[in-house]
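Peer 1: Sending over a structure as structure tokens; questions will come in a sec.
The values are calculated or read from the model by the stated rules, or taken from the named source; none is laboratory data. The structure displayed is predicted, hence computed values, not measured ones. Backbone-built Cβ (ideal geometry, glycine too); neighbour counts: all protein chains shown.
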Amino acid sequence: MSQQGVIGFLNSAAADASIMDQVMEVAQTSDDPAAAITNYAADLGFEVTGPEFTSMVDKLAQVESGELSLDELETVAGGADLEQQSAEMDQSFNLQYLQLQQDMQAQNRQFTLISNIMKVKHDTAKNAINNIR
């Protein structure tokens, strides 16, 4: 659970400003910031240990400085198969787009049918009026 706990905690802190503020406060007021942050993470329900947290933060620092390889970055991000996930997402979007196109074509056919019926009705009424004159 180690890396996933750290990633979950960091994602929560990034998404919620109050958690981030609390993390910063805990880190600044403690002699051992890593231990204090892991205790805070445990209070929030994340299974995080000090060494794992420190290791993950070090890896993320390397990412910011550009020192990680692509394989290491995928490991830190928790997804070793990003290309496959991207391809599956593209395929899903393409299927949704195709379904949207089919729906639009069906609506267009309905609109054209109703429009043609209304035109025939109008022309019939116009011819009837012209025949009466």
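Peer 1: Quick check on my filter: what residues within the range 12-55 are of a type outside the set (A, V, I, L, M, F, W, C), loosely packed, with under 14 Cβ neighbours inside 10 Å and on the phi < 0 side of the Ramachandran plot? Reasoning before the result, please.
Peer 2: Start the filter on the range 12-55 by keeping residues that are of a type outside the set (A, V, I, L, M, F, W, C), which leaves 12, 16, 18, 21-22, 25, 28-33, 38-40, 43, 45, 47, 49-52, 54-55.
From the residues that got through so far, the ones that are loosely packed, with under 14 Cβ neighbours inside 10 Å too are 16, 18, 21, 25, 28-29, 31-32, 43, 45, 51.
ASP16, SER18, ASP21, GLU25, GLN28, THR29, ASP31, ASP32, ASP43, PRO51 - these are the residues of the range 12-55 that are of a type outside the set (A, V, I, L, M, F, W, C), loosely packed, with under 14 Cβ neighbours inside 10 Å and on the phi < 0 side of the Ramachandran plot.
Peer 1: Separate question: Out of all the residues in the range 86-96, is one or more among the aliphatic types (A, V, I, L, M), over 30 Å from VAL57 (Cα atoms) and at pLDDT below 90?
Peer 2: Looking through the range 86-96, at least one residue is among the aliphatic types (A, V, I, L, M), over 30 Å from VAL57 (Cα atoms) and at pLDDT below 90.
Peer 1: Another one. Would you point out which residue out of ASN108, ASN130, ASN39 is under 19 Å from GLN4 (Cα atoms) and modelled with pLDDT of 80 or more?
Peer 2: Values: ASN108 fails: under 19 Å from GLN4 (Cα atoms); ASN130 fails: under 19 Å from GLN4 (Cα atoms).
Selected residue: ASN39, the only one of ASN108, ASN130, ASN39 that is under 19 Å from GLN4 (Cα atoms) and modelled with pLDDT of 80 or more.
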